[in-house]
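The values are calculated or read from the model by the stated rules, or taken from the named source; none is laboratory data. The structure displayed is predicted, hence computed values, not measured ones. For neighbour counting, all protein chains shown are included, and Cβ atoms are generated from backbone atoms with ideal geometry for every residue, glycine included. Side chains included, ligands, DNA and RNA excluded: accessible areas come from the protein's heavy atoms. Shrake-Rupley method; radii C 1.70, N 1.55, O 1.52, S 1.80 Å.
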Amino acid sequence: MEVNVYNIKGEDTGRKVTLNESIFGIEPNDHAIYLDVKQFMANQRQGTHKSKERSEISGSTRKIGRQKGGGGARRGDMNSPVLVGGGRVFGPKPRDYFFKLNKKVKTLARKSALSYKAQNDAIIVVEDFTFGAPKTKDFVEVIKNLKVSDRKLFMVLPEADKNVYLSARNIEGANVQTISGLNTYRVLNAGVVVFTENSLKAIDNILI
């Protein structure tokens, strides 16, 4: 599959690049995508949720009623879970949600996500560029020229470029990452994926 190469002014350079069929042209595996996205979302969780159990409540331990004959449930003290302000039964505890996913599955998931984008003509290739200084206005001009200002944008750079990153940081729906930050969730969450020429060349080293 061939796609046109544009410059940051949105002009067709007259050149084309061929997308690697083993990355952008495979039969997508939905289950691999599900597992990779699930792992990514799980790893974002802090897992700091916590509620106090009966033994952790600061309250009197005096028995507040007789054992039998009260007409209600037995409750030993004010910390009982059946009373307002008492402890919680089987409440959440701090935990780590991380789980392992095999490298081959993660690679398959990324290829599947990119293949979906290629099928939907949601991949754009631009010439390599940079900015002289961080300026949001310049990045807005780029996405306007590429006619993608109304879509969620995921731009992939071959290496870190502070000026480009800072220029895009305040734009809602725009996400700039290096090729090493390419993951299934970010690809699927974007309406369009923009590769620079060198990042497209570097993707072979990441996914093959």
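Provide the gained length on full extension for the span Lys63 to Asp30, in nm with one decimal, where the gain is 0.36 nm per separating residue minus the Cα-Cα distance. If you can, show how the numbers build up before the last one.
Working: separation 33, 0.36 × 33 = 11.88 nm, distance 5.75 nm.
Full extension of this stretch gives 6.1 nm more.
Quick one: net charge of Thr107's neighbours, Cβ under 13 Å, K/R +1, D/E -1?
On the way: positive: Lys103, Lys104, Lys106, Arg110, Lys111; negative: Asp36, Asp204.
Net of charged neighbours comes to +3.
Using only Cα atoms, locate the centre of segment 98-124 and the centre of segment 26-78, then give the distance between them in Å, rounded to an integer.
About 35 Å separates the Cα centre of segment 98-124 from the one of segment 26-78.
Nearest 0.05, what FRET efficiency do Lys9 and Asn189 give at R0 = 30 Å with Cβ-Cβ as r?
Numbers: r = 27 Å, r/R0 = 0.90.
Between Lys9 and Asn189 the formula returns 0.65.
Relative contact order, percent, of segment 40-110 when contacts are C-alpha pairs under 8 Å separated by at least 6 residues?
Working: 85 pairs, mean separation 27.7, N = 71.
About 39 percent, as a whole number.
Once semi-axes √(5λ) of the Cα gyration tensor in Å is worked out from the coordinates, which option in (1) 31, 18, 15; (2) 39, 23, 16; (3) 54, 21, 13 does it equal?
Matching entry in (1) 31, 18, 15; (2) 39, 23, 16; (3) 54, 21, 13: (3).
Quick one: with all protein chains in place, what share of the accessible area of the chain is carbon or sulfur, to the nearest percent (1.4 Å probe)? The partial results should precede the final answer.
Working: 6240 of 12770 Å².
In the chain, the share of accessible area belonging to carbon and sulfur is 49 percent.
Over segment 1-132, what is the relative contact order in percent, taking alpha-carbon pairs closer than 8 angstrom and at least six residues apart? Show your work: numbers first, answer last.
Values: 179 pairs, mean separation 48.2, N = 132.
Once normalised by length, the contact order is 36 percent.
Once label points are set 7 Å from the Cα along Cα→Cβ at both Phe129 and Lys50, what is their separation, rounded to one decimal in nm?
Reported label-point gap for Phe129 and Lys50 is 4.9 nm.
Cut-off 15 Å, label point 7 angstrom out along Cα-to-Cβ of Phe40: give me the residues of segment 87-130 whose amide nitrogen falls inside.
Hits in segment 87-130 for Phe40 at 15 Å: 101, 105-118.
Listed here are the pairs Lys117/Lys144; Lys117/Lys152; Lys111/Lys152; Lys104/Lys162; Lys106/Lys201; which of them are more than 22 Å apart at the Cα? Walk me through the intermediate numbers first.
Numbers: Lys117/Lys144 20 Å; Lys117/Lys152 13 Å; Lys111/Lys152 20 Å; Lys104/Lys162 31 Å; Lys106/Lys201 20 Å.
Over 22 Å apart, Cα to Cα: Lys104/Lys162.
Can you give the accessible area of Met78, probe radius 1.4 Å, in Å² rounded to 10?
90
List the residues whose amide H sits under 5 Å from the amide H of Ile8, counting only those 5 or more places along or on another chain, with H placed 1.01 Å from N in the peptide plane.
HN-HN under 5 Å from Ile8: Glu127.
Expected output is a single nm value to one decimal: the length gained when fully extending between Ser180 and Phe99, i.e. 0.36 nm times separation in residues minus the C-alpha distance. What is it? Each step should come with its number before you reach the end.
Details: separation 81, 0.36 × 81 = 29.16 nm, distance 2.03 nm.
Length difference between fully extended and current span is 27.1 nm.
Please give the solvent-accessible surface of Val82 in Å², to the nearest 10, using a probe radius of 1.4 Å with every protein chain present.
Per-residue accessible area (Val82): approximately 100 Å².
State whether segment 153-208 is rounded, prolate or oblate according to the following rule on the C-alpha gyration tensor (a ≥ b ≥ c being the square roots of its eigenvalues): a/c under 1.5 gives rounded; otherwise a/b larger than b/c gives prolate, and the remaining case gives oblate. Intermediate results must be reported in sequence, preceding the final value.
Working: a/c = 2.20, a/b = 1.31, b/c = 1.68.
Since a/c reaches 1.5 but b/c is at least a/b, the shape of segment 153-208 is classed as oblate.
Around Gly191, under 14 Å between beta carbons, what's the net of Lys plus Arg minus Asp minus Glu among the other residues? Write down the numbers at each step before the final one.
Values: positive: Lys117, Lys147, Arg151, Lys152, Arg186; negative: Asp121, Asp150, Glu172.
Charge balance near Gly191 sits at +2.
Given springs between every Cα pair under 10 Å in a Gaussian network model of the chain, which of Ala190, Ala32, Ala160 has the largest fluctuation?
Fluctuation is largest for Ala160.
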